[in-house]
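The values are calculated or read from the model by the stated rules, or taken from the named source; none is laboratory data. Keep in mind it's a predicted model, so treat the numbers as computed, not measured. Methodologically, a virtual Cβ is constructed for each residue, glycine included, from the backbone with ideal geometry; neighbour enumeration extends over all protein chains shown. Heads up: the accessible areas ignore ligands, DNA and RNA and are worked out on the full protein's heavy atoms, side chains in. Shrake-Rupley method; radii C 1.70, N 1.55, O 1.52, S 1.80 Å.
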Amino acid sequence: MKNPIYTRRSPNESLCLELIMNHPALSRAELSAKTGLTKATVSAIVKKLIDDHLVIETGIGESSNVGGRKPIILQYNGKAGLSIAIDIGYNYINGLLTYLDGEEVQHIKKKPITLDEEAIDRYLSEIFTLFEQQMPTTEYGIIGVAIAVHGPVYHGEPIFGPHYNFDHIPFRKIAEKLRNYPVYLENEANLAALGEYTFTSDSKNLVSINMHSGIGAGIVKNGNLEVGAHGFAGEIGHQIIVMDGKACRCGNRGCLEMYAANKVCYEQFAQRKKLDYVNAIILREYYQNQDHDAREVVEENINYLTIGINNLIAHYDPSIIVLNSSLYREIPDMIEQLRGNLRNHFSNQLVVRNSSLNEKATLLGGVVLNLQHFLGIKHLKLK
Ligand SMILES: [Zn+2]
């Protein structure tokens, strides 16, 4: 279902709205100069955007040095509606209700969960009901539901899931049956990249790496999400880094995620120490106490990831690589060592950093996906 306001918007309207969103404190005259549209056309478009409650006049700017009337500043109205983003992992479901500028209204997380159609129907129904009870009154109400899935997606349709079967759990259909909101589906790592692109960076070329039980990346190239010919772009966990190495669920041997996924690091450490369970916090405690085994498994993880990242740089030459990993977050030494390992000519200007959005990167990417459809705008910067 397309939102009526989106289908109504002309390319010039979208252009003006995009500029107002991406350049805070623009005046009509500056908008006219940036777009090449006449002042009369810009005025008419701005009037419509104000009537649509998407733009507000926020105050008076400085007059130009030749004097004249002080211009009125235009600003995107991020409070005109609400967005729902849902992230469905193999053992959790995460929901975020925000305004259209990403400001959080409500966040909910359920863990562990059962992954079958009936259970997903129940969780989504609970989340929708809770959000609807809590949501403030806005002009548009909920403009869309973005669902992040952990598997490749092509043109909004899931291809396969390593953790769940899309034929058995049709997420979109379940959500559409529950409510009349527009529903959009996207890969979780792609959404995280969109979230980082829109909310944390000025760059147009960015790679965001999500590391959990596997390793996936979202790639933003010249402001656009790179999905490839079949939706597999960014499946960096399946680059082969060891010949005849460990068998991977993708059908190959020696894939990066068989060596550098967080889960592998925890399993190796658990085995060495004969522990039943290891997570990032447990490993960090051993690491900080100079435990030899902890230091070794951590170093091995960094070295394998370095190979993966070197390959990424050679392929995509991003300005920024954002890591979203609870392991690298808990042990910040790891990111320092990783940076130290990237020493060739191609990585001189590269910024490698931990995500500041953490698990909300994917959910905020969901806000961006909803906005892209609702506003008819592709490139959003809402820092
Ligand atoms: Zn693989």
Among the residues of segment 239-254, what is the count of those that are of a type in the set (A, V, I, L, M, F, W, C), more than 15 Å from ILE215 (Cβ to Cβ) and in a loop (DSSP other than H, G, I, E, B)? 1
Before we move on, is VAL278 closer than 30 Å to TYR76 by Cβ and among the hydrophobic types (A, V, I, L, M, F, W, C)? no
Taking first residues from segment 269-281 that are in the same structural domain as ARG329 (by TED's automatic domain parsing) and second residues anywhere that are in a loop (DSSP other than H, G, I, E, B) and open to solvent by less than 60 Å² (accessible area, probe 1.4 Å), the pairs with Cβ under 6 Å that are 6 or more apart or on different chains are PHE269/VAL278; ALA270/VAL278
Would segment 87-108 turn up any residue that is of a type in the set (A, V, I, L, M), modelled with pLDDT under 95 and closer than 28 Å to PHE199 by Cα? yes
Could you tell me whether SER319 is among the small types (Gly, Ala, Ser), out of contact with any Pro (no Cβ under 9 Å at 6 or more places or on another chain), surrounded by fewer than 20 Cβ atoms within 10 Å (Cβ to Cβ) and modelled with pLDDT of 95 or more? yes
Out of GLY234, GLY218, GLY254, I need the residue that is within 16 Å of the ligand (Cβ to nearest atom) and either under 22 Å from VAL367 (Cα atoms) or open to solvent by 10 Å² or more (accessible area, probe 1.4 Å) (or both). Which one? GLY234
Out of TYR266, TYR277, sole residue that is more than 10 Å from the ligand (Cβ to nearest atom) and in a helix (DSSP H, G or I): TYR266
Residue satisfying condition, being more than 16 Å from the ligand (Cβ to nearest atom), of a type outside the set (D, E, K, R), more than 24 Å from the chain's Cα centre (by Cα) and in a helix (DSSP H, G or I), within set ILE309, ILE282: ILE282
When the residues of segment 1-60 are filtered to those that are among the polar types (S, T, N, Q) and under 20 Å from LYS383 (Cα atoms), which remaining residue is modelled with the highest pLDDT? SER27
Checklist (1) within 16 Å of the ligand (Cβ to nearest atom); (2) acidic (Asp, Glu); (3) within 28 Å of the chain's Cα centre (by Cα) applied to ASP244, failing item: (3)
Residue in segment 177-194 that is more than 16 Å from the ligand (Cβ to nearest atom) and loosely packed, with under 15 Cβ neighbours inside 10 Å present: yes
